[in-house]
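The values are calculated or read from the model by the stated rules, or taken from the named source; none is laboratory data. What you see is a predicted model, and the numbers here were worked out from it, not measured in a lab. Note: ideal-geometry Cβ built from the backbone for every residue, glycine included; neighbour counts use all protein chains shown. The area values use the complete protein model at the heavy-atom level, side chains included, leaving out ligands, DNA and RNA. Shrake-Rupley method; radii C 1.70, N 1.55, O 1.52, S 1.80 Å.
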Amino acid sequence: MIRRASLVIVGALLGATAMSVVYSAGVPAQAAGSSTYRELSIFGDVFERVRAQYVTPPDEQKLVENAINGMLSSLDPHSSYMNAKDAADMRVQTKGEFGGLGIEVTMENELVKVITPIDDTPAAKAGVLAGDFISEIDGKPVRGLKLEDAVQKMRGPVNTPIKLTILRKGADKPIELTVVRDIIAVQAVKSRIEGGNVGYLRVISFTEKTYDDLEKAIKKIKAQVPADQLKGYVLDLRLNPGGLLDQAINVSDAFLERGEVVSTRGRNPEETRRFNAGPGDLTDGKPVIVLVNGGSASASEIVAGALQDLKRATVVGTRSFGKGSVQTIIPMGEAGALRLTTALYYTPSGKSIQGTGIQPDIKVDQPLPAELQGKLRTEGESSLPGHIQGQNETDEGSGSAAYVPPEAKDDVQLTYALDLLRGNKSDPSFPPQQQKAAQAKPADAKPAETKPAPAPAKP
């Protein structure tokens, strides 16, 4: 099993565009034609005119950044330039930990509302409670701030204090708490036991911690449910926007004994790379059902596609987002970075899901509550302006509704998966037919060689 191989391949959790490849070394560029240099000369002239004569003095750095992003956005929706702040944020997201307080928050009535403090974090120890409203941060009002700005203010270097002013129901006056920041690890995998006999694994995002969190979750489930009683696992990839490619490979490998997980194919044939699973199924061959919907993109589609093609799991839900391109993160000057689409990825059967998505083996629609009907727009890669046309893309396109009920009792897709695992429902697609034959590779096949290398926000 590949396990925790530190590949050169990493990525950014940036919505549905989140899967990237990082190369620290640059690639020599071919010289441009003379007409290109003439156009660049015109660009320089325009820049100087704007800088010198625009009605108000422009921010020169923003002019250059916007010009670069204009060039990149004309290529596809996932290529972009990240300035130093954006690149730093990406690194924080992919690392899966940061200096902060340990609270999940949202914005309500122009105040930051605490959804829940995370156990054993500075916020929980200081007495922050679910339902609290944060009205001031270090004596400055929260009103007028965007949620991401408030979150950024609460994050910071470890062992530094921050003062929160809290409005709490039942308290006759505001409560002031001083919290000392510490390392906060974002949970990449959540798990539980459904009905005493099914392991539920929800992969929230693919960060550096995802495989380790998954391994711990599976061990915990196996310790709590005897093997002869455990019916199988639900791997929930709904609303998962993607992340690190090496983690997608390792998560797939966790359920496989052998077989190609994914291949990436670039502009030149010699850039093709293949990644194989190695021996060691963490679930001991127990049945697996993968849940996907329109919010499943990129790295989550790699996992669903691998387990589906290799007949290791049955995919249930609705068509996934269809983001099948690979972005290379190239470090630039002053700690910025270029995110450039350099390849497409292919499932083990050789299928590109760019613009088509993963079609579930069993389609199960999740009804929308009355208050969301007509208000939730279905989006997929195929609907993004300027997206790369997939080789299998049709007018049907990709994507579907990206909605999961907050309560498990209302979750039709999860209920369907549980009924299949427990034998209360049957379908020709479950369990996958000829699973062992479909996974078969030569017994001495070696994993593809890899090179070592380099969710809601929580303050």
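P(r) for the range 227-344, from all Cα pairs and a bin width of 10 Å, is 13, 40, 31, 12, 3, 0 %, short bins first. Label positions at LYS153 and LYS363, each projected 7 Å from the Cα along the C-beta direction, are separated by 4.8 nm. Each residue of the range 75-87 was assigned a 3J(HN,Hα) from its phi angle through the Karplus expression (A = 6.51, B = -1.76, C = 1.60, θ = phi - 60°), giving 7, 6, x, 10, 8, 6, 9, 10, 6, 4, 5, 4, 5 Hz with x at Gly and Pro. Derived from the Cα gyration tensor, the three semi-axes of the equivalent ellipsoid of the chain are 36, 33, 21 Å, largest first. The Cα atoms of the range 294-390 give a gyration tensor whose axes a ≥ b ≥ c have a/c of 1.5 or more with a/b no greater than b/c, which makes the shape oblate. Rounded, prolate or oblate for the range 128-250? Axes are the square roots of the Cα gyration tensor eigenvalues, ordered a ≥ b ≥ c, and the cut-off for rounded is a/c under 1.5. It is prolate, given that a/c is not under 1.5 and a/b is the larger ratio. Taking each of LYS62/LYS146; LYS113/LYS323; LYS85/LYS140; LYS222/LYS425 in turn, the alpha-carbon distance tops 26 angstrom for LYS113/LYS323.
Taking a ≥ b ≥ c as the square roots of the eigenvalues of the Cα gyration tensor of the range 104-188, is the shape rounded (a/c under 1.5), prolate (a/b larger than b/c) or oblate? It is rounded, given that a/c, with a ≥ b ≥ c, falls under 1.5.
When peptides 317-324, 371-378 are ranked by their average number of other Cβ atoms within 10 Å per residue, the highest-first order is 317-324, 371-378. Distance between the modelled labels on GLN61 and ARG91, one decimal in nanometres: 1.6 nm (7 Å Cα→Cβ projection). Each residue, ILE183 and GLU396, gets one label point 7 Å from its Cα in the Cβ direction; the gap between the two is 4.7 nm. The slack between ILE175 and VAL225, meaning 0.36 nm per residue of separation minus the straight C-alpha distance, is 13.6 nm.
The residues of the chain present an accessible area of 49 Å² per residue when probed at 1.4 Å with all protein chains retained. Near ILE184, the amide H atoms lying under 5 Å from its own belong to PHE98, GLY99, GLY100; only residues 5 or more places off or on other chains count, and H is placed 1.01 Å from N. Each residue of the range 105-117 was assigned a 3J(HN,Hα) from its phi angle through the Karplus expression (A = 6.51, B = -1.76, C = 1.60, θ = phi - 60°), giving 9, 9, 10, 9, 6, 6, 10, 7, 9, 7, 6, 6, x Hz with x at Gly and Pro. Work out how much length THR116 to GLN53 would gain on full extension: take 0.36 nm times their residue separation and subtract the Cα-Cα distance, in nm to one decimal. Extra length available between THR116 and GLN53 comes to 17.5 nm. Using a simple charge model, +1 on the beta-carbon of Lys and Arg, -1 on the beta-carbon of Asp and Glu, nothing else, what dipole does the chain show about its Cα centre, in debye to the nearest 20? Computed about the Cα centre, the dipole is about 700 debye. Per atom type, the chain shows carbon and sulfur on 51% of its accessible surface, probed at 1.4 Å. Fully extending the segment from ASN109 to SER74, taken as 0.36 nm per residue of separation minus the present Cα-Cα distance, adds 8.8 nm. For VAL261, the residues whose amide H sits under 5 Å from its own are PHE275, ASN276, ALA277, ignoring neighbours fewer than 5 places away on the same chain, with H placed 1.01 Å from N.
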